[in-house]
Structures are given as structure tokens and as C-alpha cells.
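The values are calculated or read from the model by the stated rules, or taken from the named source; none is laboratory data. Just so we're clear, the structure is a prediction, and the values are computed from it rather than from any experiment. Cβ placement follows ideal geometry from the backbone for every residue including glycine, while neighbour counts extend to all protein chains displayed. Calculation scope for accessible area: heavy atoms of the full protein, side chains included, ligands and nucleic acids excluded. Shrake-Rupley method; radii C 1.70, N 1.55, O 1.52, S 1.80 Å.
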Amino acid sequence: MRRLPLGRSGIMVSEYCLGSMTWGSQNTEAEGHAQMDLARDMGVNFIDTAEMYPTNPVRAETIGHTEEIIGSWLSARGNRADVVLATKVSGGGRDIIRDGEMISGPVLRRCAEDSLRRLGTDYIDLYQLHWPNRGSYHFRQNWGFDPSQQRRDEVIPHMQDVLSEAAKLVAEGKIRAFGLSNESAWGTAQWLRLAELNGWPRVSAIQNEYSLLNRLFDTDMAELCHHEDVPLLAYSPLATGVLSGKYAGDVTPDNTRRVATPDLGGRITKQVFPAVAAYLRVAADHGLDPCQMALAFCRSRPVPVIPIVGATTLAQLKTNLGAADVVLSPEVIAEIEAVRRDHPQPF
């Protein structure tokens, strides 16, 4: 498992990140601990979580529980210094989380300190904004995205407020690096510009969705991240399991995410299954596990991409992290690109 720089933060992270959003809902505390043990043994030092986790679905009574599970593991193993820990403050607009309260400087501080308490640590390595106050085109919102409703005279002061507070948290040693999630190229550029102008923490990483089935990142965002040394932390690199083929034929196996979320957040469409079948054929023709092919594809990108790998079983996790040993041939990459042209943006 190789180590990669987390932007210009000076932090080195494993090339795969362990996702945690099922711990406390689909997975018990003991199962979460077992996943962290396995990932550690396979060379992973990077764990991502969020104040709102677990998900599928998000419930008021479970918010913060995943952070507590990670905290109990860190306490039991005594290995905090060996782990790069990322978490997120939720954006506004969801009543179930902080009554819909928007992110601000004071909210950033309060939520960071709440996360520190749940995690049982005195510092967070990477603290991220889960989604921007102004909204975004992520989570299938791209189909109706209307940036004309945004007001620059509100957005820029908000960013200044958050970054100035983030700078104080860094100075106090409570966070080491600042990151974004579900952001656009314009938004990311503004965070970077303001940080540079004022000596505030620059963006060290951006966590957006990316997979064989969702490649919105590959144009403007990829250009920005290349020039600004901002790696992509790719969430849903298996499209919530769709790329494994387990939902082929529009089925819903027991104990899968689709039981609770039938449309998998808008990923189940009439176009998705033909696209998945085409990718499965590429994997089969080259003797590749489809999940490992999908993850290795993310790692093959010219701009650094660190897939966030989640699982509900240890067997799934072991297979997925085994993608670190897979390098795709030029022939496989060419066939993947041909499939993409035949099946563009299936959800």
C-alpha cells in the first residue's frame, strides 16, 4: 500500500482510504473495529468519517455514533499517532442535523470540538465541509442545478468567516488540514484564493463522488486539482456497490444498501444496468475482479485520486483493498473508455 501526499499539508496517507458510514447502522461497533483492524493490517492509515454518520438512513438518534465507534477503537488499540483521521461538518439544510443550521465560523468550531470529543482525540488530521451552504450539483442535483440563485456577496463573506475560524483551530492544534466535499471548481477556486490572500489554511483535499459511472470530476475539477495540488478523495468509487454486479437484473439482495435505499440515491436508472454489464464484460475478458478493476481505475487517473473504500463484510473489504496490487493494462483502460462513450453518465 503506497503512501501519497495529502496536497501540500505535509500529511502522508495510504492510497486507499477506509470509509466508515455503515458503522452503527449496517455494522455493529465490533464489526467496525474488525474492519479497521483489517485495513490497518493491509497498510491503510487513512480513515474517513463525518458528524452525520452512520447513514442509510441518517437518523437523529444515531448521528455521531460512527465517530464514537472510531474513538473506542483508537482508545482500545492505542494507535492514534498511526492514523490519519478525516471527518466532516455537515452542511446546512437538513433538519435532522443541527436543525438545518448552516455552516459558519462558530458552527465550525463547535462541531469540530464535538467531533474531537466523540473521537476521543485532541486533533483531527483533515476537517472537511460535507457540502457547501449554497448547495451543489452533487447527489444527482446536477440535473436541476441553477447557480444563478447564488449571491456572491453572501458566499465570499461566508468563506472568509469559515476560513478565519479554521485558521484559529489550526493554530490551536485542533485540526491539521482543511478540506472540502461536494464542491465545484468555482467554489474550490474561491476557497483557495481567499486562503492564499489571507494566510489561512488552503484546501488540502476535496471529497467528491467519482467512479466508472460518475466522472463529473474529469474536466474542470481535474484541471483545478492538478494545478493546485489538491487530491480527490473519491467517495462511492463502486457506485454504492452497483459496479460489483450484485444488483444486475434489478435485484435487491438481502442485507444490502438497496434494502433501505431502493434507488441508491438516484443511481438506479434504466441506463445503469447496461453500463454495468459492459464494465463487467471488460473485467471478465481480462480475468479481473470487477470491484478491483473499478478501484484500480480510480487510482490510474493522471490527477491523484484516493478511493474511499467502504464495506459491510470483511470479505468485501479484503477484496476491495486488494485493488492496491492491481495495475490496469493500456488495453483495459482503452476498453473502459470505449464503454464510457457508449454509456455516458448513466445516472
Could you tell me the accessible area of Phe139 in Å² (1.4 Å probe, neighbours in place), rounded to the nearest ten?
100 Å²
Acute angle (nearest 10 degrees) that the helix 65-77 long axis makes with the longest principal axis of the chain, alpha-carbon atoms:
90 degrees
What 222 nm value per residue comes from the helices of the chain, counting each DSSP H run with n ≥ 4 as -39,500 (n - 2.57) and dividing by all residues, nearest 500 deg cm²/dmol?
-12000 deg cm²/dmol
Taking the Cα centre of the chain as origin, work out the dipole magnitude from +1 charges on Lys and Arg Cβ and -1 charges on Asp and Glu Cβ, in debye rounded to 20.
60 debye
Once amide H atoms are built 1.01 Å from N in the peptide plane, which residues 5 or more positions from Leu233, or in another chain, come under 5 Å H to H?
Ile206, Gln207, Asn208, Ile306
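Summarise the accessible area of the chain (1.4 Å probe, protein heavy atoms) by the percent that is carbon and sulfur. Mind dumping the intermediate values first?
On the way: 7340 of 14380 Å².
Its accessible area is 51 percent carbon and sulfur atoms.
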With each label point set 7 Å from Cα along the Cα-Cβ vector, what nm distance links Asp153 and Trp186?
1.7 nm
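Could you provide, to the nearest whole Å², the per residue accessible area of the chain with probe 1.4 Å?
On the way: 14380 Å² over 347 residues.
For the chain, the solvent-accessible area averages 41 Å² per residue.
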Would you work out the charge dipole size for segment 226-304 about its Cα centre, treating the Cβ of every Lys and Arg as +1 and the Cβ of every Asp and Glu as -1, and quote it to the nearest 20 debye?
140 debye
Placed amide H near Phe46: partners under 5 Å, 5+ positions off or other chain:
Ser14, Leu18, Val84
Let me have the relative contact order for segment 53-136, percent, based on Cα pairs under 8 Å that are six or more residues apart.
36 percent
With everything on Cα atoms, drop me the angle between helix 29-41 and the longest principal axis of the chain, reported from 0 to 90° to the nearest 10.
80 degrees
Probe 1.4 Å - accessible area at Met21, Å² to nearest ten
50 Å²
By its C-alpha gyration tensor, with a ≥ b ≥ c as the square roots of the eigenvalues, how is segment 70-206 shaped: rounded for a/c under 1.5, else prolate for a/b larger than b/c, else oblate?
prolate
Between the helical axis of 152-171 and the dominant principal axis of the chain, each derived from Cα atoms, what acute angle in degrees is found, rounded to the nearest 10?
80 degrees
Given [x] 16.3; [y] 19.5; [z] 17.5 as possible values of mean projected area of the Cα convex hull in nm², the one from the coordinates is [x]
List the residues whose amide H sits under 5 Å from the amide H of Gly135, counting only those 5 or more places along or on another chain, with H placed 1.01 Å from N in the peptide plane.
none
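For Lys168, Lys174, Lys88, what's the largest-to-smallest order of accessible area, 1.4 Å probe?
On the way: Lys168 105, Lys174 55, Lys88 0 Å².
Largest accessible area first, the residues go Lys168, Lys174, Lys88.
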For the charge dipole of segment 1-63, defined by +1 on Lys and Arg C-beta atoms and -1 on Asp and Glu C-beta atoms about the Cα centroid, which residue among Ala60, Phe46, Thr22 has the Cα displaced farthest towards the positive pole?
Phe46
